[in-house]
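Report on one structure; see the data block that follows.
The values are calculated or read from the model by the stated rules, or taken from the named source; none is laboratory data. Everything numeric in this text was worked out from a predicted model, so none of it was measured. All Cβ positions, even for glycine, are placed from backbone atoms using ideal geometry, and neighbour counts span all protein chains on display. Keep in mind that these areas ignore ligands, DNA and RNA; they rest on the heavy atoms of the full protein, side chains included. Shrake-Rupley method; radii C 1.70, N 1.55, O 1.52, S 1.80 Å.
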Amino acid sequence: MPQLRRSATLVLTFCALAAPLRAEIAVTDLLGRQVTLSEPADRIVLGEGRHLTVLGLLHEDPVALVAGWRLDKALDEPTQQAYRARFPAMDAIRPVGSGNRDLSAESVIALQPDLLVLSLMDRGDPGMDRARDQIESAGIPVVYVDFFAHPLENSIPSLKILGALTGAQDKADEFAEFYDTHLSRITERLADPSIQRPRVFLHAHASPQGCCPTVGSGVFDDFITTAGGTNIAAEVVPGVQGTVSLEYLIGADPDVYLATGGTHMAGRGGLVLGSGVDAEQARASFKTLLAAPGLSSLPAVEQGRASGIWHLFNDTPAHIALIEHLALSFHPELFADLDPEATLAQIDRQFLPVSVPGTWWVRAGE
Amino acid sequence: MTVVLSVAASRRETRVLWAMAAVLAAIAIASLGVGRIDIPPGRVMRILLSPWLAPAEPVTPLEWSVVVVVRLPRVVMAVLAGAGLALAGASLQGLFRNPLVGPQVVGVSSGAAFGGTLAILLGWQHLGLVGAAFAFGLSALVLVWLFASVVSRSNILVLVLAGVVVSGFFGALVSLVQFTADSHDKLPVIVFWLLGSFATADVDKVMLLAGPLLPCAAGLLALRWRINILSMGDEDARALGLPVAGLRWLLLALTAMIVSAQVAVSGIVGWVGLVVPHLARMLVGPDHRVLLPASALLGGSFLLLVDDVARSMSASEIPLGILTALIGTPMFAVLLWRTRERRMDG
């Protein structure tokens, strides 16, 4: 009995001494909130399902880390299929809410995760804030990241936050270095104020029938500006997104017409690009779009200064390849040495656990 | 003496109708020139006639694109939708013997709205959206008919209550669709569509609207003298040999087709069918033989002017539903006030 007591005392003493040695993980998220974990999170709930591919930049098996996700803003179907084929455990990920800004606090708490990852876009929504407070009061840490609202400013800090919280700091740093190298090549050359910046109109979720949803500040505006263009709709659209008339577009006479699309546009007869889309299908849908009444008569379209891009570049750090594509489109002489396809291929090869084939952009006259 | 007065009155009403038609034509020509790019009416006429009469100054691709490709389908759609809604409203007001009734009362708008939002959610394009809105608009009418049949098919109050019930039901379904729609992709499309707009007008949509609207409008105009008799009351109408129940359902079906077609191509545009018939009644009196065509002409002009405001005020279009409500509510309040004053004076 005294021996047992002595052993217990030794164990407790060792634990007491060892406790300060076990380093806590502390990060400051994008809202300036302190988030602390006792050890790297290996059971995560994602506020946005499509952030699984962001975790894929950091981990060989991102699915193993995800216990639940919100169905709103999920991965597109072809990407889901590719990940499911590689990681069948994906079917075990539990939904924790769906719809607009909907999150079930009860569902999250029931999963007992180490971490809930929310997006900056969730901030300030009363329902989301209430759910977050309930989840935090149950002892589950919540972190805010952003790859969407201000992608240039927040993507790498967000990736580093996730890297720190999931024990993949080295991988996050490696991607950050890759990203910065590619980005600085563009920003340094565009530093010359004498460079003419083309006036660009971005037609979001483009289809021949619906003209014209577009973007104001943030997201694609950041991409266009960084690539050396000027987003003309920023002057007339007060928020992140809005709609302008076809008449406005014709009157504005942009130098470049840029359309975004995805597999979600197939049902609407719009621009089809992205995961699982072959080049022929993408070209055909772009050709149909450019033949639409009103759009076909734009000088930018008539003169071949039109391009289509995958819409879902708007929520992944892989947008660096899109910025290269745009820079090459806007300033072909200045960026003749850029190879956005090679950049995407390198991201696939060096960072992502699953390679998803697809067509990510298309140019007029191709 | 009475005959002379009657002939004089009918001549005056005919002159008013011709004047309304001329005003509508003038507004239409002006509308083709109004917007982000202003084009004078004379130049608009030359652009329109350029395929047959080459103007001295050649038409630029920009001018052709703006006037013919973008604005012309939109102007035609606004005229058709406005005329259809006002005609439907005037017919329903006569049918229900109640000037506070509008096309929304039969539940058709809510049904069509649900069809459209469901189509957007499911990713159905163009024809699919129009078809779904149209189908659910008419199914709302069928539900109203079934509801009324169970209770009392001949009771007008039951019809109105059935319309309220069906509207509430489809309104809840619209909310459910909005709740489940993706907030970055589908939801903005649904919200903008529900608020009503002619921004997506093209030749195909004009044909889709005109297809059901023109024959149904012709049907209502052909029945306008019967609406006069119906508005006297069911007993008088029966005494004059009218099949009241059958005629009522025929009129409801025709108005439902018009409203469904309009909602299908341009979303919900409120107040036109309620306010415009009142204005027309002030100009030409309560005789449906003149009131119906007057309402149609006035409705076309009204909605065309509202659409001109919608597309000229800012680069980002103001949805029609918002503008018609902002303009329609004070107008309706003034009309009610004037009606009340007239009653008190009388």
key: Qualifying residue in segment A:88-97 (condition: open to solvent by less than 40 Å² (accessible area, probe 1.4 Å) and either in a helix (DSSP H, G or I) or of a type in the set (Phe, Trp, Tyr) (or both))   = yes
query = If you go through segment B:309-318, how many residues are crowded, with 21+ Cβ neighbours inside 10 Å and either modelled with pLDDT under 85 or not aliphatic (A, V, I, L, M) (or both)?
reply = 3
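Where in segment A:239-331 are there strands (runs of 3 or more DSSP E), lying fully within it, with 2 or more residues that are in contact with a Pro (Cβ under 8 Å, 6 or more places away or on another chain)? Show your work before the answer.
Working: elements: A:241-243, A:256-261, A:306-310.
By residue number, A:241-243.
Is it true that B:Arg97 is within 30 Å of B:His288 (Cα to Cα), touching a residue at least 24 places away in the same chain (Cβ under 8 Å) and within 14 Å of chain A (Cβ to nearest Cβ)? Before you say what the answer is, go through the steps one by one.
Values: within 30 Å of B:His288 (Cα to Cα): yes; touching a residue at least 24 places away in the same chain (Cβ under 8 Å): yes; within 14 Å of chain A (Cβ to nearest Cβ): no.
Against the criterion (within 30 Å of B:His288 (Cα to Cα), touching a residue at least 24 places away in the same chain (Cβ under 8 Å) and within 14 Å of chain A (Cβ to nearest Cβ)), B:Arg97 does not qualify.
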Among (1) more than 9 Å from every other protein chain (Cβ to nearest Cβ); (2) part of a loop (DSSP other than H, G, I, E, B) - the single one A:Glu188 does not satisfy = (2)
task = Could you pull out the residue among A:Gly218, A:Gly163 that is under 27 Å from A:Ile347 (Cα atoms) and in contact with a His (Cβ under 6 Å, 6 or more places away or on another chain)?
result = A:Gly218
ask   = If you take the residues in segment A:211-231 that are facing another protein chain (nearest Cβ under 10 Å) and free of Cβ contacts under 8 Å to residues at least 60 places away in the same chain, which one is surrounded by the fewest Cβ atoms within 10 Å (Cβ to Cβ)?
value = A:Gly216
query = Among (1) of a type in the set (Ser, Thr, Tyr); (2) within 13 Å of chain B (Cβ to nearest Cβ); (3) more than 23 Å from the chain's Cα centre (by Cα), which single condition is A:Ser194 missing?
reply = (2)
query = Inside segment A:199-210, can you point out the residues that are more than 10 Å from chain B (Cβ to nearest Cβ) and open to solvent by 10 Å² or more (accessible area, probe 1.4 Å)?
reply = A:Arg199
inquiry  = Restricting to segment B:159-203, name every residue that is assigned to a loop (DSSP other than H, G, I, E, B) and either among the basic types (Lys, Arg) or closer than 21 Å to B:Ile322 by Cα (or both).
reply    = B:Leu195, B:Gly196, B:Ser197, B:Phe198, B:Ala199, B:Thr200, B:Ala201
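May I ask you to list the residues in segment A:49-87 that are over 17 Å from B:Thr180 (Cα atoms) and basic (Lys, Arg)? First the steps, then the outcome.
Just the residues of segment A:49-87 that are over 17 Å from B:Thr180 (Cα atoms), to begin with: A:50-68, A:77-87.
Selection gives A:Arg50, A:Arg84, A:Arg86.
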query = What is the number of the single condition among (1) open to solvent by 40 Å² or more (accessible area, probe 1.4 Å); (2) farther than 20 Å from A:Gly270 by Cα; (3) among the charged types (D, E, K, R); (4) more than 18 Å from the chain's Cα centre (by Cα) that B:Asp204 does not meet?
reply = (2)
request  = Mind listing just one residue for me: the one in segment A:232-249 that is buried (at least 24 other Cβ atoms within 10 Å of the Cβ) and more than 7 Å from every other protein chain (Cβ to nearest Cβ) and, of those, farthest from A:Ser184 (Cα to Cα)?
outcome  = A:Leu249
ask   = Counting only residues that are open to solvent by 30 Å² or more (accessible area, probe 1.4 Å) and more than 14 Å from every other protein chain (Cβ to nearest Cβ), which one in segment A:250-276 is modelled with the lowest pLDDT?
value = A:Gly276
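Table: residues versus (1) in contact with a Ser or Thr (Cβ under 9 Å, 6 or more places away or on another chain); (2) closer than 24 Å to A:Ala176 by Cβ; (3) open to solvent by 20 Å² or more (accessible area, probe 1.4 Å).
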| position | (1), (2), (3) |
| --- | --- |
| A:Leu116 | no, yes, no |
| A:Asp129 | no, no, yes |
| A:Glu136 | no, no, yes |
| A:Pro141 | yes, yes, yes |
| A:Phe148 | yes, yes, no |
| A:Glu153 | no, yes, yes |
request  = Just give me the residues in segment A:55-88 being modelled with pLDDT under 95 and of a type in the set (D, E, K, R), in sequence order.
outcome  = A:Glu60, A:Arg70, A:Asp72, A:Lys73, A:Asp76, A:Glu77, A:Arg84, A:Arg86
